[in-house]
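Asks: Would you mind keeping the following structure in view while I ask a few things?
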Amino acid sequence: MCAEEIGFVEKYDLLGCIQCGRCTGGCPVALRTDLRVRCFMYDTQNEERLEELSERPEIWDCTTCYTCAARCPKGLEPLEVLIGLRSLQIEEGRVQPTVRDALESIFKDGNPWGSPRAKRLDWTAGLEVEALEPEAEEATDVLLFVCCTDAYDPRVMKVAQALVKVLNAAGVDFGIIGEEESCCGSEVRRLGEEGLFEMCDEENVELLNSFNVNRIVTVSPHCYNTLKKEYHGLKHPVLHYTELVAELLEEGKLQLSKEMAKVITYHDPCFLGKQNDIYDEPRYIITRIPGVEFREFDRCRERSLCCEGGGGKMWVESESKAERLAEIRVEDAKELGAEIIAVACPFCLLTLEDATKVKGVEEEMRVADILELLAEAL
Amino acid sequence: MNGKPKIGVYVCHCGTNIAGTVNVEEVVQFAQTLPDVVVARNYSYMCSDPGQALITDDIANMGLNRVVVASCSPRMHEPTFRKTLLSGGLNPYFLEMANIREQCSWVHDDPIAATEKAKRVVEAAVVKARRLEALDVKEVEVEPSCLIIGAGIAGIQAALDIADAGFKVYLVEKSPTVGGHMAQLDKTFPTLDCSACILTPKMVDVANHPNIELMTYSQVEEIGGYIGNFDIKVRKKSRFVDMDKCTGCGACAEECRMAGRIPNEFDEGIGMRGAIYLPFPQAVPAKYTIDKENCLFLSKGKCGESPKCKEACQAGAINFDLQDEVVEFKVGTIIVATGFDIFDARLKPEYGYGVYDNVLTALEFERMVNASGPTGGKVVMLERGKKKKKKEGEEAEAPRMPRSVTFIQCVGSRDKSVGNEYCSRVCCMYTAKLAHLVKDKVGHDCEVTIFYMDVRAFGKGFEEFYDRVRREGVKYIRGNPSEIYKKGDKLIVRAEDTLTATPLEHETDMVVLSVGLCPRSDNREIIDLLKLSQSSDLFYLEAHPKLRPVDTASDGIYLAGVCQGPKDIPDAVAQAKGAASAAMIPMASGKVKVEAQTSVVNEDTCRGCGFCVELCPFSAIELVEINRMGWPVKVARVNEALCKGCGACAAACLSGSIQQRSFKDLQLMPQIKALGVK
Ligand SMILES: Cc1cc2nc3c(=O)[nH]c(=O)nc-3n(C[C@H](O)[C@H](O)[C@H](O)COP(=O)(O)OP(=O)(O)OC[C@H]3O[C@@H](n4cnc5c(N)ncnc54)[C@H](O)[C@@H]3O)c2cc1C
Ligand code: SF4
Ligand code: SF4
Ligand code: SF4
Ligand code: SF4
C-alpha cells in the first residue's frame, strides 16, 4: 500500500503531535545533521508539501534508532514519517545507487550484500551445525536465524561462528535454515521499500512456520525486532541470543572457565535496548566471564547513544562532516578506561570497529560481540 | 389507593427538542386510546410550574392514581415529578417516565418513525404504570459527626469548618504529623506567602479544637454502615512514646544511635533523621515517634548497653511496651482528603534521576530552599549517599552553590508513555516560583533556565507572576527535554529550542524535575474500604464532573483536595470548604431519606446461594439463617439503608427470588413486551 493512499495525517496521527520537541531533542543525529524530525511532524500535515519534503536529503540521516518515538509523550512514532517520505522517493525510483543495489540483491538473492545465495552457508565451514528439515517429526529446540551480515560479512561471520561454538558447548539442540534463509527485511522496511518488505514478511513466515521447532533465536537485534514485532502470523516464539545465553548460564548449562582480565564496557544496541527493553541479559552475561571488570558508559541503557548503523545507514552516506556518533562512543569508552567495547549487534560491531580505526585506537581498544568473548572464555 | 388504575399521560414538547421531531399531538391521541388512560395532554415544558399544575389539577379533578410523563431522561426530572405527585396527594412512586428525548427525538431524524417509536415508549410506560406499587420513603437519623481521612491542607480546612459549625470531627492522619505536602513547601505561588506561616496556625488549631479528635500515625481499618450511621474502626499505631508525657524537647533524638542515618521522608530523603524523630520542627502534634523498622532496640532487640533515647528522656516518655490501639466510633458522614504522591521520576530513566546527584525532584528542591529544611534554605550541590564524617574540630567543606539551575516542566504529566495523560495544573506555576527563589537565594548571576512546552498560567494572579519571573531574568526555552547525560562535571540537557528549531546541548550544574501530581500508590486501601470509583486518570471519581464535584456516588461520602484530581492550594481549600458544607447538610438536618426502590427477597424461594451477596457493590446483602417449616435454612436479606437500588442482584438471581421494587419482573416484563421486544 502506498503512503499517499490514506494520507500522512491519519497514517501517522500527525494531529496528535503537540510540537513539544522531545523527538528532536533526543534524536542522536540532530546534533550532527540537518534532521529536525519534529518539523516533519508539522510540515507533512500539508499534503501538498510531501513531494518537496521527500526530496530533503536529511530524511536519509535517520538511523531508525526509535529514540524519538520512545520519548514522545503522545505515543507517536516520528521516525515512521521519515520512512513514509523515503517510500515516496523509492516509488519514484529516486534513490542512491547503493540503496538500489542492496534492495535488488535482497529481491534476487535474499541478502543485501550482493552475494549469491549459494554462498550463504560459507560461514559454517568446519563447524558442527546442521540445516533442519522442514516438517520434521521430532521438534528441535532452537532454530537459529542468521542475519545476512553474519552470514556474508567476513568480520561479522566470526560472531555467528562463535554462537555455534557456544551452543555446542552448552549442548543445545539447534539447527539452521540453510541456503533457503533470506533477509528479514528490517532494513528494507526502514529504507521505505514497503512492497519488498511485505514479500519478506510473507515468505519468511511461511518458511519459518514450516520448521518443527520450539523457538527461534536470532543473532541480530534487527532480525529479532522484525520477527518478533513486525511479521504477521509467525507461530514460534522469538528470542535474541542474549536471552538464550543468559538462560543457559543461569541454568548452569554453559560453563565459562577461561579468565579474561579486561575492562569491558557494553554498548546497548538501539534495537535490543530502546526498542525491546533487553538491558539486563547482556550485562548478566558479560559479568559472568571470569576476571572481567565491567564499567558502564555514562550514557547507557535507555540513554544509550545510537551508533548510526541502523535504518539503512549501511547503504546511505550522510553528508555531514561532523563527528560520527560511533566515534563519540569510542572516545567515551577510552575515557572510561575500557579495553573492550562489547556489543550484541552486527551493525554496532562494524560501526564501532570502524570508529576505533578512524580514531587510531584500534590497537588498544577492541570491539567485540559478546559471543566472541564468550567463545574465548569457554 | 391501589384500586383500578386511572392514568394521566403528559407529553412534553421540551421546546422543539422533542416536538421538533416527534408529532406530540399524535402521541397524545394515541395515548388516549390506551386502556386505563383517563386523560392525555401535551405541553411546551412539563417541568415548568404550569406544566406541573396540569398534573396536580388532574389528580384533584379526575382522581388520577397513576402518572406517566413522556419527556426527557429520568436523571434530571424524575425527582421533580415525584414531588409533583406528592404535592398532588399521590404516592410519588406512582410516576413512570417515558424517555422520548434522549432515546428518541435526539437520536432520530425521521419524524414519522420517531413518532411511532414515541408511541411505543409511551405505551410501554402506561403498561408499567398500571402495575406500579406505592413505596414508603424511609428516613434514617444522621449521627452529627464526620470522619475526615487525611490531614493535608484539604482535610485540615474541612475539619476546621465542620468543627466550627459545632459538629464532632474525627481527623485521621497516616503520618506522624498533620500538614501534608503543603508543610513541605517553602513559599507558595503566586503570592509567595510563606507556606508554614499560613499553614502552621491551622495545624495547631486542629490539634486544639474541642470538637476535633485528631488521630495521627493512625489508619482507618474498617468502615461499615451507611450515610448517617457509619461504623468506623481506626488503628492508632504505637509511637513507643507516651503522648501524654512527651514534651517534645528532642533530647532523645539527639542521642539516638541511629541519628542522622535514616533518610527523612519529610525532607524527601535529602535530610536525615534518627529512629526516634519529629518530621520537622513545627510538626503537630509535637510528639516524637520511634520508627520500629529502624530502631535498633525494636528491630534487633538491642541498642548498645541500653536504649540511649530512654536515658536521655527526662520525662520518662519512652516505653517500648506500648501497643497499637484500636478505637471504634460512629459517624454520619465521611470526607476523603488523602492527597497525592509526586510522580516517581525514576519512571523516566532518560532524565537520570537516581543516577546523577544533582538531578532533583521539585519537592526535594522545595525542601532545599526551605529555611527549616535540611540545608537551612541554602541551594547547594548535593553529594548523595556520601557518609558525612564529622571529626572533632574539623570544619566540613562548605558545599558549593550551583552556578546554573535548569528546570524541566511536565515530568510525568501530559505523558502517555508513563500513562499520565492529564496536566498536573500546579507545576508550571511552582516552577516559576522555584525559579524566582533561585534568583533570590543563590543570586542574580545564577543562570536559571526553564524548559517548557506550554506555560499554563490560568489562575488568579498567575500570568502576572509569570511575567514577573521572566523579567527577573529567568530564561524560558520552548522545548521539552529528551535526555540528560554528563560531560565532565556538568550535566547536559538535550533538547530542542522549538521556536528556532535548534537542537541544544544545554550545560548546567543542577536540574530540577517539575514532577506532576499522581494518585497515591496506596489508594487501593481507601478504595476497598469505601468502594470509591476512579476516573480514567485514577484519581477518585466525583459524582458529577460539573454539578457534584465534591460528592461521590455513595451518599454521605465526599472528596476534598488533590485526591480527586490535581489542584493547587486555593482550589484544594475551596473544595474542602465545599465538601465540609455538603457533609453538614445531612448532619444539620439530622435525617436523610434513603432509596425506596430497594431490593427485596422472597424468603420462601431464596436458595441461599449467596450469589447476590458477592455481587452487591454496596455490601447491602447478607445471608441470614431462618426457620423454614422447622428447618434452619440460609436466605439472603437486604439492608434497605445500604441498598442503592442498582439492581445487580435482581438481574443475577437464578431463582428470581430477589426483586427490585418498581422493577419487579411482573412490572418490567410486560413493559418490555409492549416495546415489541420478544
Ligand atoms: C513541588 C510542589 C510545589 C507546590 N507548590 C505549590 C504552591 O506554591 N502553591 C500552591 O497553591 N500549591 C502548590 N503545590 C500543590 C499543593 O501541594 C497541593 O495543592 C496541596 O498540598 C494539596 O493538599 P491535599 O490536602 O489535597 O493533599 P496532601 O497535601 O497530599 O495531604 C494529604 C494527607 O492525607 C494523608 N493521607 C493519605 N492517605 C491516607 C490514609 N489512607 N489515611 C490517613 N491519612 C492519609 C497524607 O499523609 C497527607 O497528610 C505544590 C505541589 C508540589 C508537588
Ligand atoms: S515528541 Fe511527539 S508530540 Fe512531541 S514534537 Fe515529537 S512527535 Fe510531536
Ligand atoms: S529514529 Fe532516531 S535517528 Fe530517526 S528521527 Fe528518530 S531519534 Fe532521530
Ligand atoms: S532505642 Fe536506640 S535506636 Fe531505638 S530510638 Fe532509642 S536510641 Fe534510637
Ligand atoms: S501544569 Fe504545566 S508543567 Fe504541569 S503538567 Fe501542566 S503544563 Fe506541564
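Asks: For A:LEU31, are the conditions met, namely being more than 12 Å from ligand 2 (Cβ to nearest atom), over 21 Å from the mean Cα position of the chain (by Cα) and farther than 18 Å from A:GLU319 by Cβ?
Replies: Values: more than 12 Å from ligand 2 (Cβ to nearest atom): yes; over 21 Å from the mean Cα position of the chain (by Cα): yes; farther than 18 Å from A:GLU319 by Cβ: no.
When the stated conditions are applied, A:LEU31 does not pass them.
Asks: Another question about this same structure. Residue check: is B:LYS302 more than 14 Å from chain A (Cβ to nearest Cβ), more than 16 Å from ligand 5 (Cβ to nearest atom) and under 27 Å from B:VAL178 (Cβ atoms)? Spell out how you get there, then give the answer.
Replies: Values: more than 14 Å from chain A (Cβ to nearest Cβ): yes; more than 16 Å from ligand 5 (Cβ to nearest atom): yes; under 27 Å from B:VAL178 (Cβ atoms): no.
Taking the combined requirement at face value, the residue does not satisfy it.
Asks: Would you call B:GLY155 more than 23 Å from B:TYR277 (Cα to Cα), away from ligand 3 (no atom under 16 Å from the Cβ), out of contact with any His (no Cβ under 8 Å at 6 or more places or on another chain) and assigned to a loop (DSSP other than H, G, I, E, B)? Break it down stepwise before answering.
Replies: Details: more than 23 Å from B:TYR277 (Cα to Cα): yes; away from ligand 3 (no atom under 16 Å from the Cβ): yes; out of contact with any His (no Cβ under 8 Å at 6 or more places or on another chain): yes; assigned to a loop (DSSP other than H, G, I, E, B): no.
No.
Asks: Continuing with the same structure: Given (1) away from ligand 1 (no atom under 16 Å from the Cβ); (2) open to solvent by less than 30 Å² (accessible area, probe 1.4 Å), where does B:GLN314 come up short, assuming only one miss?
Replies: Just one mismatch for B:GLN314, condition (2).
Asks: Within the stretch B:46-63, can you find the residues that are touching a residue at least 12 places away in the same chain (Cβ under 8 Å) and either outside the structural domain of B:LEU86 (by TED's automatic domain parsing) or closer than 19 Å to B:MET97 by Cβ (or both)?
Replies: B:MET46, B:CYS47, B:GLY51, B:GLN52, B:LEU54, B:ILE55, B:THR56, B:ASP58, B:ILE59, listed by residue number.
Asks: It is to be established whether one or more residues within the stretch B:599-620 are open to solvent by 20 Å² or more (accessible area, probe 1.4 Å) and either closer than 30 Å to B:ILE198 by Cα or among the aromatic types (Phe, Trp, Tyr) (or both).
Replies: Yes, there is a match, as at least one residue in the stretch B:599-620 is open to solvent by 20 Å² or more (accessible area, probe 1.4 Å) and either closer than 30 Å to B:ILE198 by Cα or among the aromatic types (Phe, Trp, Tyr) (or both).
Asks: Shifting gears a bit: Just checking: which of the helices (runs of 4 or more DSSP H) contained wholly in the stretch A:265-378 hold 2 or more residues that are acidic (Asp, Glu) and out of contact with any strand residue (DSSP E or B) (no Cβ under 9 Å at 6 or more places or on another chain)?
Replies: Details: elements: A:280-288, A:325-336, A:346-358, A:370-377.
Where helices (runs of 4 or more DSSP H) fall fully within the stretch A:265-378 and carry at least 2 residues being acidic (Asp, Glu) and out of contact with any strand residue (DSSP E or B) (no Cβ under 9 Å at 6 or more places or on another chain), they are A:325-336.
Asks: What number of residues in the stretch A:60-80 are more than 9 Å from ligand 3 (Cβ to nearest atom) and open to solvent by less than 20 Å² (accessible area, probe 1.4 Å)?
Replies: Looking only at that region, the number is 3.
Asks: Can you find, within the stretch B:20-35, the residue that is farthest from B:ASN99 (Cα to Cα) among those that are open to solvent by 40 Å² or more (accessible area, probe 1.4 Å) and not hydroxyl-bearing (Ser, Thr, Tyr)?
Replies: Of all residues in the stretch B:20-35, those open to solvent by 40 Å² or more (accessible area, probe 1.4 Å) come to B:20, B:23, B:25-26, B:29-30, B:32-33, B:35.
Subsequent filtering for residues that are not hydroxyl-bearing (Ser, Thr, Tyr) retains B:20, B:23, B:25-26, B:29-30, B:32, B:35.
Numbers: B:GLY20: 15, B:ASN23: 15, B:GLU25: 17, B:GLU26: 16, B:GLN29: 18, B:PHE30: 16, B:GLN32: 18, B:PRO35: 20 Å.
Selected residue: B:PRO35.
Asks: Among the numbered conditions (1) within 14 Å of ligand 2 (Cβ to nearest atom); (2) open to solvent by 10 Å² or more (accessible area, probe 1.4 Å), tell me where A:GLN96 comes up short.
Replies: Failing condition for A:GLN96: (1).
Asks: Filter the stretch A:1-54 for residues that are open to solvent by less than 10 Å² (accessible area, probe 1.4 Å) and among the polar types (S, T, N, Q); which is nearest to the other protein chains (Cβ to nearest Cβ)?
Replies: Across the stretch A:1-54, the extreme among qualifying residues is A:THR24.
Asks: When residues of the stretch A:116-175 are filtered for being in contact with a helix residue (DSSP H, G or I) (Cβ under 6 Å, 6 or more places away or on another chain) and either open to solvent by less than 50 Å² (accessible area, probe 1.4 Å) or within 17 Å of A:LEU239 (Cα to Cα) (or both), how many remain?
Replies: Total meeting the criteria: 19.
Asks: Step by step: first the residues of the stretch A:280-303, then only those that are among the hydrophobic types (A, V, I, L, M, F, W, C) and within 14 Å of chain B (Cβ to nearest Cβ), then the one that is least open to solvent (accessible area, probe 1.4 Å). Which residue is that? Give the derivation first.
Replies: Taking the stretch A:280-303 as the starting set, the residues that turn out to be among the hydrophobic types (A, V, I, L, M, F, W, C) are A:285-286, A:289, A:292, A:294, A:297, A:300.
Going one step further and asking which of them are within 14 Å of chain B (Cβ to nearest Cβ), we end up with A:297, A:300.
On the way: A:PHE297: 7, A:CYS300: 23 Å².
Among them, the one singled out is A:PHE297.
Asks: Here's a follow-up. Got at least one residue in the stretch A:85-96 being within 30 Å of A:ARG301 (Cβ to Cβ), in a helix (DSSP H, G or I), out of contact with any strand residue (DSSP E or B) (no Cβ under 8 Å at 6 or more places or on another chain) and away from ligand 5 (no atom under 16 Å from the Cβ)? So that I can check it myself, show each step before the final result.
Replies: Taking the stretch A:85-96 as the starting set, the residues that turn out to be within 30 Å of A:ARG301 (Cβ to Cβ) are A:86.
Next, from what is left, pick out any that are in a helix (DSSP H, G or I): A:86.
Add one more test, that the residue is out of contact with any strand residue (DSSP E or B) (no Cβ under 8 Å at 6 or more places or on another chain), and what stays is A:86.
Among the residues that remain, those that are also away from ligand 5 (no atom under 16 Å from the Cβ) are: A:86.
Looking through the stretch A:85-96, at least one residue is within 30 Å of A:ARG301 (Cβ to Cβ), in a helix (DSSP H, G or I), out of contact with any strand residue (DSSP E or B) (no Cβ under 8 Å at 6 or more places or on another chain) and away from ligand 5 (no atom under 16 Å from the Cβ).
Asks: If B:ALA40 meets every condition in (1) out of contact with any Leu (no Cβ under 6 Å at 6 or more places or on another chain); (2) open to solvent by 20 Å² or more (accessible area, probe 1.4 Å) apart from one, which number is that one?
Replies: Evaluating B:ALA40 over (1) out of contact with any Leu (no Cβ under 6 Å at 6 or more places or on another chain); (2) open to solvent by 20 Å² or more (accessible area, probe 1.4 Å) leaves (2) as the failure.
Asks: Look at A:CYS306 and say whether it is modelled with pLDDT of 95 or more, away from every other protein chain (no Cβ under 14 Å), within 15 Å of ligand 3 (Cβ to nearest atom) and open to solvent by less than 30 Å² (accessible area, probe 1.4 Å).
Replies: Values: modelled with pLDDT of 95 or more: yes; away from every other protein chain (no Cβ under 14 Å): no; within 15 Å of ligand 3 (Cβ to nearest atom): yes; open to solvent by less than 30 Å² (accessible area, probe 1.4 Å): yes.
Spelling it out, it is not the case that A:CYS306 is modelled with pLDDT of 95 or more, away from every other protein chain (no Cβ under 14 Å), within 15 Å of ligand 3 (Cβ to nearest atom) and open to solvent by less than 30 Å² (accessible area, probe 1.4 Å).
Asks: Going through B:LEU322, B:LEU278, B:LEU296 one at a time, which residue ends up being open to solvent by 20 Å² or more (accessible area, probe 1.4 Å) and within 16 Å of ligand 1 (Cβ to nearest atom)?
Replies: Values: B:LEU322 fails: within 16 Å of ligand 1 (Cβ to nearest atom); B:LEU296 fails: within 16 Å of ligand 1 (Cβ to nearest atom).
Of the residues listed, the single one that is open to solvent by 20 Å² or more (accessible area, probe 1.4 Å) and within 16 Å of ligand 1 (Cβ to nearest atom) is B:LEU278.
Asks: With the condition being closer than 23 Å to B:VAL137 by Cβ, I'd like the strands (runs of 3 or more DSSP E) fully within the stretch B:16-99 carrying at least 1 qualifying residues.
Replies: Values: elements: B:37-43, B:66-71, B:95-99.
In the stretch B:16-99, the matching strands (runs of 3 or more DSSP E) lie at B:66-71, B:95-99.
Asks: Is it the case that the stretch B:203-213 has a residue that's more than 14 Å from chain A (Cβ to nearest Cβ), closer than 26 Å to B:PRO374 by Cα, among the hydrophobic types (A, V, I, L, M, F, W, C) and within 10 Å of ligand 1 (Cβ to nearest atom)?
Replies: no
Asks: Suppose we filter B:VAL573, B:VAL601, B:VAL635 for residues that are closer than 19 Å to B:LEU132 by Cα and at pLDDT 95 or above; which single one remains?
Replies: Numbers: B:VAL573 fails: closer than 19 Å to B:LEU132 by Cα; B:VAL635 fails: closer than 19 Å to B:LEU132 by Cα.
Result: B:VAL601 is the single residue among B:VAL573, B:VAL601, B:VAL635 that is closer than 19 Å to B:LEU132 by Cα and at pLDDT 95 or above.
Asks: Moving on to the next point. Run down B:ASP454, B:ASP497, B:ASP440, B:ASP489 and say which single residue is among the acidic types (Asp, Glu), more than 14 Å from chain A (Cβ to nearest Cβ) and open to solvent by 10 Å² or more (accessible area, probe 1.4 Å).
Replies: B:ASP440
Asks: I'd like to check something: does the stretch A:262-270 contain any residue that is open to solvent by 10 Å² or more (accessible area, probe 1.4 Å), more than 17 Å from A:PRO346 (Cα to Cα) and in contact with a helix residue (DSSP H, G or I) (Cβ under 6 Å, 6 or more places away or on another chain)? Even if it seems obvious, please write down each step before you answer.
Replies: Step one: list which residues in the stretch A:262-270 are open to solvent by 10 Å² or more (accessible area, probe 1.4 Å), which gives A:262-263, A:270.
Keeping just the survivors that are more than 17 Å from A:PRO346 (Cα to Cα) gives A:262-263.
When the remaining residues are screened for being in contact with a helix residue (DSSP H, G or I) (Cβ under 6 Å, 6 or more places away or on another chain), the result is none.
No: zero hits.
Asks: Can you tell me which residue in the stretch B:413-428 is nearest to ligand 3 (Cβ to nearest atom), limited to those that are open to solvent by less than 10 Å² (accessible area, probe 1.4 Å) and within 10 Å of chain A (Cβ to nearest Cβ)?
Replies: B:ASP415
The values are calculated or read from the model by the stated rules, or taken from the named source; none is laboratory data. Worth saying up front: this structure is predicted, and the values here are computed from it rather than measured. FYI the Cβ positions are ideal-geometry reconstructions off the backbone, even for glycines, and counts take in every protein chain you see. What goes into the accessible areas is simple: the full protein's heavy atoms, side chains included, and nothing from ligands, DNA or RNA. Shrake-Rupley method; radii C 1.70, N 1.55, O 1.52, S 1.80 Å.
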